[in-house]
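Trainee: First the structure, then my questions, so here it is.
The values are calculated or read from the model by the stated rules, or taken from the named source; none is laboratory data. Predicted model, so just to flag it, every value in this text is computed and none were measured. No Cβ is skipped: glycine too gets one built from the backbone with ideal geometry, and neighbour counts run over all protein chains shown.
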Amino acid sequence: MTAAIWTGPVVWASTGSSAWSAVKWPDGKVSGSLRIARNLFTALSDRTGVTAHRSGALERIRFLLTDRDHTAGCLTDVETRMTGVLDELKLTGLVTSITGLSAVGAAAILAETGDPTRFTTARALVKHAGLAPREKCSGTFTGRAKLTGQGRPGLRLAAWRTVWGARRANPVYAARYRHLTTRTTNKLTPTQAQAVIAAAILRHLHAVITTGRSWDPDIATHGATPAAAA
């Protein structure tokens, strides 16, 4: 039996309740969560409550899904424009030579920094993002060096978002993160280590753009293997 729920966004395709293994959406994509599919089918089959309102609830779900699709389309359009600018500047190959850094991630960072060559050093760019630890001093008191929250929040966020993919795909960043979070002396929290990786990505991005040379793991690790460099 094939069942359709109202004329809304969800169409169930199966040959019985025990085989309801997928949800088909209007765009043809399939959601394979059997648990969710069965729970939703059970709820919609339950005659308890004000069943007359269910069609309205499903209509609202359809509107939400339409909004989601519209937003996703807008995001895709913006990402296409951003990466298009990278192509025009002939920077796509350079920025994506950093293993784990996507063109979209690099474009988001550069949208916040502007031309990286305006920063005389990579450290200046890191400070601009607020990812360079600073000591807090007051009178004769000097506190531990830590991030102060100063700098450009949008740039800090853009760099932070690139950490997840880069840490998984890039052995240099993965080794560095592992070392920072497992060393016995001055061990960092995961959040602190992620900030270090975000700063490293900014430094490396500045380097490849200002020198015109692709990212080199040997240079990034000062000629050591990732494990040794960590």
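Trainee: Being among the polar types (S, T, N, Q) and either touching a residue at least 60 places away in the same chain (Cβ under 8 Å) or assigned to a helix (DSSP H, G or I) (or both) is the filter here; which residues of the stretch 166-184 pass it?
Mentor: Hits for the stretch 166-184 are Asn170, Thr181, Thr182.
Trainee: Next question, about the same structure. Tally the residues that are assigned to a loop (DSSP other than H, G, I, E, B) and either at positive phi or out of contact with any His (no Cβ under 7 Å at 6 or more places or on another chain) (or both), restricting the search to the stretch 78-135.
Mentor: Qualifying residue count, the stretch 78-135: 17.
Trainee: Is it the case, given these coordinates, that Asp46 is within 30 Å of Gly105 (Cα to Cα) and either touching a strand residue (DSSP E or B) at 6+ places or on another chain (Cβ under 8 Å) or modelled with pLDDT of 55 or more (or both)?
Mentor: On the way: within 30 Å of Gly105 (Cα to Cα): no; either touching a strand residue (DSSP E or B) at 6+ places or on another chain (Cβ under 8 Å) or modelled with pLDDT of 55 or more (or both): yes.
In short, no.
Results for (1) within 28 Å of Ala175 (Cβ to Cβ); (2) among the β-branched types (Val, Ile, Thr); (3) not assigned by TED's automatic domain parsing to the domain that holds Val163, shown as yes or no for each residue.
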{"site": "Arg54", "(1), (2), (3)": "no, no, yes"}
{"site": "Leu58", "(1), (2), (3)": "no, no, yes"}
{"site": "Thr80", "(1), (2), (3)": "no, yes, yes"}
{"site": "Thr83", "(1), (2), (3)": "no, yes, yes"}
{"site": "Thr99", "(1), (2), (3)": "yes, yes, no"}
{"site": "Ala108", "(1), (2), (3)": "yes, no, no"}
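Trainee: Quickly run through the stretch 35-65 and pick out the residues that are without any contact (Cβ under 8 Å) to a residue 40 or more places away in the chain and among the β-branched types (Val, Ile, Thr).
Mentor: Selection gives Ile36, Thr42, Thr48, Val50, Thr51.
One line per residue, one yes/no per condition, for (1) exposed (fewer than 14 other Cβ atoms within 10 Å of the Cβ); (2) of a type in the set (D, E, K, R); (3) not assigned by TED's automatic domain parsing to the domain that holds His128:
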{"position": "Pro153", "(1), (2), (3)": "yes, no, no"}
{"position": "Gly165", "(1), (2), (3)": "no, no, no"}
{"position": "Asn170", "(1), (2), (3)": "no, no, no"}
{"position": "Arg176", "(1), (2), (3)": "no, yes, no"}
{"position": "Thr182", "(1), (2), (3)": "yes, no, no"}
{"position": "Thr191", "(1), (2), (3)": "yes, no, no"}
{"position": "Ala200", "(1), (2), (3)": "no, no, no"}
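Trainee: Determine, yes or no, whether Pro226 is within 26 Å of Ser102 (Cβ to Cβ) and at pLDDT below 95. Let's see the steps before the verdict.
Mentor: Details: within 26 Å of Ser102 (Cβ to Cβ): yes; at pLDDT below 95: yes.
Spelling it out, Pro226 is indeed within 26 Å of Ser102 (Cβ to Cβ) and at pLDDT below 95.
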